[in-house]
Amino acid sequence: MTSWWAASFTVSEAPLPRERLHSDEPGPTQHSHHHYHHPTGALMIKAAEKHGALILALEHRFYNPPDEYPVEDLSTENLRFLSSQQALADIANFHVHASAEFGLTSANRWVTWGGSYPGMMASWARYKYPHLIFAAVASSAPVQAVLNMQGYNNVVADAIANERIGGSKACRDTVVEIFEALGKAMISPDGRGKLYEEFNVCEKRKDPLKEPNNQDEFTMDLSFLVYDQGNDPSSTQPTSNLAVTCSEYILNVGLGDPVARLAALSRDSRGPLFPPTDDDGAADDECMSVSYEKNQVEAYQDVSLTGFSNTTVFCQRCWLFQTCTQFGFYQTCDPGTQCPYTSEPHLNTVETQLGLCESSFGIPPEAVRQHIETSLADYGGRYADTSRILYVNGGADPWRAQSVIEARPGLPTLEVADASHHPWTHPPQDSDQQSVKDARREIMYQVDEWLALSDDEAGAAAEMTYSAAA
């Protein structure tokens, strides 16, 4: 019996010249469509308007609304068709469907666009199906799978010290001091007692920070408050604007000692991911849950379509599954690296994160390692022999550690100074960094140049690229 994954795609109304612009979200194997409604002014929309191109945006299976799933839950068995390879095959299948529905021919050139994981998919669609996809713009795309992603927090350390986005060496040094102090405090009962009071930790009478996994949960949760990969210099919120975090909290001596400043940041900006309980078992939405078992293990074991691990915003269990079966990307804080957070005791380790693969899906650590090697062999990582892919990365984006930074023949790169995780793909704002505004123009220039190539020129350029790669 054949099973179908029905998902929607969206389509703009536009003329059909030889250029075709296609977004990054693959997925459907049966297709329904509706008109494309995207925030006015986003970069891909501008490019489409300039070239009179049609826009097609696809859903990625398992990342569409849960009520559209053809499965009853997110059991490991039901996730077996969740992979980038399957999603890329869906793109090829969709290409056939869309070509027939809209009367497209080989003269209609397809360009894939995407940021983050969709950026990976945009680049791999061009790599795997060069006869279907003419070019790609891959923004903030970490195409180099890796088990231990030490580079993530190395970039975070540099970003916190970056004065151009509101950081400073003093801010980074204070962050390091804070997380060293947390590590030392968690060793002793008295130290933990102080932390329970300062951070209003749930179930403090049970001494939860005595357990290493809970210590990791505590420090990792707090680290997310300091620097956001989507850092927005125009935001007034501390956890989304490093300048506010450093000036109003980390370096604000009026709030007390450094740890007290982080506690103030926690109180003002965080909300518990799960409804915690106090010592009497009653709901207490104000306390901070540090339970690794509850916040991580039990959460990711929830296979329901409506639980925390699968919301209408993002399927957390699905993404964890893909890290376990393909990509890794485990962001650690190892001694000897630039990680500004707690590395003594050594809590945020590869082993801790691999444990979730086993507890959530029954995938042992050695299998995860093999899956990552298979992914690199399949896609080539940073060194894929391909052409006409533009890799764009923010200088302050932690994911740049796994992207393509150095240009090669046919594979240009663009670094967006001091920018975070692909803000140039968002609708433009007057408050955007100048580097982000400039990046949009540079990306448009490159796409224009590619689309202006004759068929002979396009073929010759591809041959030169493969020759150079060889």
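The values are calculated or read from the model by the stated rules, or taken from the named source; none is laboratory data. Remember, it's a predicted structure, so these values are computed and weren't measured experimentally. Here Cβ is always computed from backbone atoms with ideal geometry, including for glycine, and neighbour counts include all displayed protein chains. All accessible areas refer to the heavy atoms of the entire protein, side chains included, with ligands and DNA or RNA removed. Shrake-Rupley method; radii C 1.70, N 1.55, O 1.52, S 1.80 Å.
Here are some notes:
- Separation of the LYS50 and ASP455 label points, Cα + 7 Å toward Cβ, nm: 2.5
- Fully extending the segment from LEU255 to ARG164 would add 30.3 nm, taking 0.36 nm per residue of separation and subtracting the current Cα-Cα distance.
- The amide H of VAL146, built 1.01 Å from its N in the peptide plane, has PHE329 as neighbours under 5 Å, considering only residues 5 or more places off or on other chains.
- Potential lengthening of the chain between GLU197 and GLN237 amounts to 11.9 nm, from the contour at 0.36 nm per residue minus the alpha-carbon distance.
- Long pairs among LYS169/LYS194; LYS194/LYS294; LYS184/LYS210, criterion Cα-Cα beyond 19 Å: LYS169/LYS194; LYS194/LYS294
- Ignoring lysines fewer than eight residues from LYS50 along the same chain, the ones with Cα atoms less than 28 angstrom from its Cα are LYS128, LYS437.
- Amide H within-cut-off set for VAL416, under 5 Å, with H built and near neighbours excluded: ASN393, GLY394, GLY395
- Simple point charges give the picture: +1 on the Cβ of Lys and Arg, -1 on the Cβ of Asp and Glu, and for the range 147-373 a dipole about the Cα centre of about 360 debye.
- Those aspartates and glutamates that a straight Cα-Cα span of less than 17 Å connects to LYS46, excepting residues fewer than 8 apart in one chain: GLU13, GLU19, ASP24, ASP430, ASP432, ASP438, GLU442, ASP448, GLU449
- In this structure, the amide hydrogen of VAL201, modeled 1.01 Å from its nitrogen in the peptide plane, lies closer than 5 angstrom to those of MET288, counting only residues at least 5 positions away or on a different chain.
- Distance from the range 329-355 to the range 374-419 (C-alpha centre basis), Å: 25
- Dipole of the range 147-373 computed with +1 at Lys/Arg Cβ and -1 at Asp/Glu Cβ about the Cα centre; of ALA157, GLY256, GLY362, farthest Cα towards the positive end is ALA157.
- Length added when fully stretched, GLU406-VAL96, from 0.36 nm per residue minus Cα-Cα: 108.2 nm
- Per-residue SASA remark: THR425, around 40 Å² accessible (1.4 Å probe; ligands, DNA and RNA not included).
- Measuring r between the beta carbons of TYR383 and ASN154 and using R0 = 22 Å, the FRET efficiency lands at 0.55.
- 3J(HN,Hα) along the range 119-125: x, 4, 5, 4, 5, 6, 4 Hz, from the Karplus curve 6.51 cos²θ - 1.76 cosθ + 1.60 with θ = phi - 60°, whole Hz, x for Gly and Pro.
- Table column - 3J(HN,Hα) (Hz), the range 423-436, Karplus curve with 6.51, -1.76, 1.60, x for Gly and Pro: x, 5, 7, 8, x, x, 10, 4, 7, 4, 4, 4, 5, 5
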